[in-house]
Amino acid sequence: MAGLGFLMRYSYKTIAIISVLITVLASVVGFYLAPTLIESNLKGLNLKPGSDMRKLWEKTPFPLTFMVYIFNITNPMEVVEGKKPRLQQIGPYVFDEWKSKKVISEDDNEDSVTFDLINTYKFRPDLTHGLTGDEVVTVPHMMLMGGLIAAQRDRPGLLGIVIQAFQQIFEPQGTPFLTTKAMDLLFHGVGVDCNREELEASIVCPQILSEKNINKINDTYFSISLFGVTNGTSLGKYKVYRGVKDVRKVGEVMTFEDSEVSKVFKGECGKIKGTDGTIFAPFHKKKDIFYSFSPIFCRSIGPAYKNEASYNSVPTSVYNIQFGDFKSDPSQHCFCRDGDPEKCPPKGTVDNYACMGVPMIISKPHFLDADRNLLKGVDGLKPVKKLHDNFLQFEMQSGSPVSVKNRIQFALQIEKIPDFDLMANMEPAIVPIFWIEESLDLPAKITNVMRYGIYLFQTIISIIKYSGIILGIIGLFIAAYQRFQNSSGTKVSGPPVIDNPLAGVNLQPRTGALKY
């Protein structure tokens, strides 16, 4: 109380008024003005034409890191005879992934923008240590094997014609596997000549050439690859909210390919939720789900909240994508074939047959968190959580992903085809072909904007707010104490006066000589 003694010089009414004003001012600034200012700034994170946010959204100023690992089958002939595939992981092949949008139209009334989403990949040989892309690999021939399995499932009456046509078109040399250079498999493409005179080939070839996932070179020649057909081309036409009228809707997908629902799935599984994955709205809570619509899955994916963390001293929330958790999450039935709970793939996997047109199974790399029996079907896999799990780290107030490790494995679900000699003796298995890692770590110069513009400002305001409230409360206690003392007859309007014992004594030095 000694440090606040100066307050005792004032009346208790004056002290009370000043204390109330300090408390009210600190509360208004801390609880209203500062949050309103932050919210006002975050509302600027919309896609208004010409804004800084719009420019960043249209063309990301830095690339994501895109890595591909290929599973080379070292014993293809043994697999044909019914033995277990032996896998050798080769990679990573590293690429820069640049994301951009080609704006098609805008609608001010709807507050929407329509665009093509484009991914462009550039090989980084300096980061692909020891690999050039000329490495020869052997993988399941997705078009040959996948096409035959699809025909056996959906059109068994035409299976004989399809088998004959595929033998004429692809000319398999004693094996249904594809052996080629790694970069041809990934981007350059493996050429296929569909200019055949045989009846079966002439029937099937036009259907192949009409597929979207092939690179059509001319009317009879095409090439197949994993990513070549999508490199630098549109992944699909999106229409999303710009968020000018309501920033909480920014980036939310309204339609994909002019449809409000997935063209593959029906009901709840077909509802398009969330954004395109490149932008998320601000003002999120940690239990919110960051849904995004993925053309790879033909449906929306939503990661689940995992834990709190920090990134470059910025508070974040970590989310994790779980595949095929059918027992604890009924919505995961959308990952089953046709959304039917009776047709679910093994735990930890997604049946993507309906979306990709071939029996493709998606999971975490090396079947991490999946049914352990899947590891028994092949040799060479070793799941490691640190290397193969996925996570997304979000700064919640701005809705910005600050660190991403998105890892997905693609595998072919192999079945016996009795009428096709090269697959008649093969054991059913889910055989991984490749897995990808798409990663992003925002540089400090960007996260510092969040750190100092949001969190340091909030910290300073909190100090001012609570210091002012505490000071005001102390002042009110002093006013109450002074009022109590006055009412009891004790004067406390100022500090007590202490008599000076030396009063009246002349302390001036004497002049003249001293006498003894």
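The values are calculated or read from the model by the stated rules, or taken from the named source; none is laboratory data. This one's a predicted model, so the numbers in the text were calculated from it and none came from an experiment. So basically every Cβ, Gly included, is an ideal-geometry build from the backbone, and we count neighbours across all protein chains shown. In case anyone asks, the SASA skips ligands and DNA or RNA and just uses the protein heavy atoms, side chains included. Shrake-Rupley method; radii C 1.70, N 1.55, O 1.52, S 1.80 Å.
For the range 47-150, relative contact order (Cα pairs under 8 Å, six or more residues apart, normalised by length) works out to 25 percent. With 0.36 nm allotted per residue and the present C-alpha distance subtracted, the N213-D419 stretch has 71.5 nm of extension available. Subtracting the Cα-Cα distance of S234 and Q173 from 0.36 nm times their residue separation leaves 18.5 nm of extension gain. With r as the distance between the Cβ atoms of K385 and R248 and R0 = 41 Å, compute the FRET efficiency 1/(1 + (r/R0)^6) and round to 0.05. Taking R0 as 41 Å, the efficiency between R248 and K385 is 0.75. Between 0 and 90 degrees, the angle of helix 12-28 with respect to the longest Cα principal axis of the chain falls at about 10 degrees. Ligands, DNA and RNA are left out, and with a 1.4 angstrom probe the accessible area of the chain is 52 Å² per residue.
Here the accessible area of the chain is 56 percent carbon and sulfur, with a 1.4 angstrom probe and all protein chains present.
Express in whole angstrom the spacing between the alpha-carbon centres of the range 380-457 and the range 49-123. Using only Cα atoms to place each centre, the spacing works out to 11 Å.
How far, in nm, would the chain grow between K445 and K83 when pulled straight, counting 0.36 nm per residue and subtracting the alpha carbon separation?
On the way: separation 362, 0.36 × 362 = 130.32 nm, distance 5.38 nm.
Here the answer is 124.9 nm.
Give me the one-decimal nm value for the distance between modelled label points at E198 and L25, 7 Å along each residue's Cα-to-Cβ direction. Those two pseudo-labels are separated by 9.0 nm. Computed with a 1.4 Å probe over protein heavy atoms only, the accessible area of K405 comes to about 40 Å².
Rounded to the nearest 10 degrees, the angle from helix 457-487 to the longest Cα principal axis of the chain is 30 degrees. Protection proxy ranking, highest mean first, for peptides 388-399, 171-182: 388-399, 171-182, where packing is the per-residue count of other beta-carbon atoms within 10 Å, averaged. With respect to the chain, whose longest principal axis is taken over its alpha-carbon atoms, helix 199-209 is tilted by about 10°.
Per-residue packing, averaged as other Cβ atoms within 10 Å, sorts the ranges 88-95, 238-245 into the order 238-245, 88-95, beginning with the highest.
In the set (1) 25.7; (2) 24.4; (3) 27.8, the label that goes with Kirkwood radius over Cα pairs in Å computed for this structure is (3). A Förster radius of 22 Å combined with the Cβ-Cβ distance from D108 to D52 puts the calculated FRET efficiency at roughly 0.65.
The modelled label-to-label distance between K286 and K122, using points 7 Å beyond Cα along the C-beta direction, is 3.9 nm.
With the cut-off at 1.5 for a/c, could you classify the range 119-259 from its C-alpha gyration tensor as rounded, prolate or oblate? Don't skip to the end; give the middle numbers.
Values: a/c = 2.54, a/b = 1.42, b/c = 1.79.
Note, shape of the range 119-259 comes out oblate.
On the basis of the beta-carbon distance and an R0 of 60 Å, N373 and S462 show a calculated FRET efficiency of 0.70.
Each residue, K13 and K343, gets one label point 7 Å from its Cα in the Cβ direction; the gap between the two is 8.4 nm. Where a ≥ b ≥ c are the square roots of the eigenvalues of the C-alpha gyration tensor, would you call the range 72-167 rounded, which needs a/c under 1.5, or, failing that, prolate if a/b is larger than b/c, or oblate? Oblate, since a/c reaches 1.5 and b/c is not below a/b.
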